[in-house]
Amino acid sequence: MPLCSWLQDTGSLTERLRRHCRQFRVQLQSTTATMALTPAQAAWIGAERAFCREVLLLCDEQPWVYASSLYSPSTLDAVPALAGLGQRALGELLFEDPRLVRSEFEFARLTEPQWRQLAQQQDLSQQIAQEAGASLPWARRSLLATGQAGVLVTELFLPAAQAYRK
């Protein structure tokens, strides 16, 4: 199943996406200065509040991945470039560091209500939201760490993604 290889790939998702499309682009959806975390999120990054960055990763102008990154103020102090990523992919920054370590993945499939809420919040097109009815999207999350700095990354593979194609 193609999806499994995408979900379990420990390399740079940015690089893999670039190999599957003519034009790759990061579309910044939002950045939040600090937000309260759920207990599970706080356990991952070792802080009760975090910065949040949400993006869409587009291949040939089709959104293939919704990604959310959470990182603590101490991580921002250790990696100040996180504050100025803009339209640059997080993977381009983190995978340049030879000290990068990725935790084990956690996987989940969104429920219909979760998918509808996310599609509405991220202003995803109706077409994408309707496509998901037949096959709800899968997500993975892991901690990317370099030294003392850790970023909790959640990546949701949207219905248009190559990962769902045979």
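Overview of results
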quantity	calculated
Hits in region 93-116 - residues which are modelled with pLDDT under 90 and surrounded by 14 or more Cβ atoms within 10 Å (Cβ to Cβ)	Leu93, Leu94, Phe95, Asp97, Leu100, Leu110, Gln114, Trp115, Arg116
Residue match in region 68-75 (condition: in a strand (DSSP E or B) and either polar (S, T, N, Q) or within 20 Å of Gly11 (Cβ to Cβ) (or both))	yes
For Arg53: the one exception among (1) more than 16 Å from the chain's Cα centre (by Cα); (2) part of a strand (DSSP E or B); (3) basic (Lys, Arg)	(1)
Near pairs, Cβ below 9 angstrom, 6+ apart or cross-chain, from region 105-124 (without any contact (Cβ under 8 Å) to a residue 60 or more places away in the chain and of a type in the set (Lys, Arg)) to any residue that is exposed (fewer than 15 other Cβ atoms within 10 Å of the Cβ) and not in a helix (DSSP H, G or I)	Arg109/Leu136
Region 1-33, subset polar (S, T, N, Q) and in a helix (DSSP H, G or I), residue nearest to Leu57 (Cα to Cα)	Thr14
Any chance Ala47 is in contact (Cβ under 8 Å) with a residue 24 or more places away in the chain and within 13 Å of the chain's Cα centre (by Cα)	no
Residues that are modelled with pLDDT of 90 or more and more than 19 Å from Glu104 (Cβ to Cβ), drawn from region 1-15	Thr14, Glu15
Filter pass, Cys52 being surrounded by 13 or more Cβ atoms within 10 Å (Cβ to Cβ) and over 17 Å from Val153 (Cβ atoms)	no
Evaluation of Arg88 against (1) out of contact with any Cys (no Cβ under 8 Å at 6 or more places or on another chain); (2) part of a helix (DSSP H, G or I) (one fails), failing number	(2)
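The values are calculated or read from the model by the stated rules, or taken from the named source; none is laboratory data. Just so it is clear, the model here is predicted, and its values are computed rather than measured. Quick reminder, even Gly has a Cβ in these numbers, built from the backbone with ideal geometry, and neighbours come from all protein chains shown.
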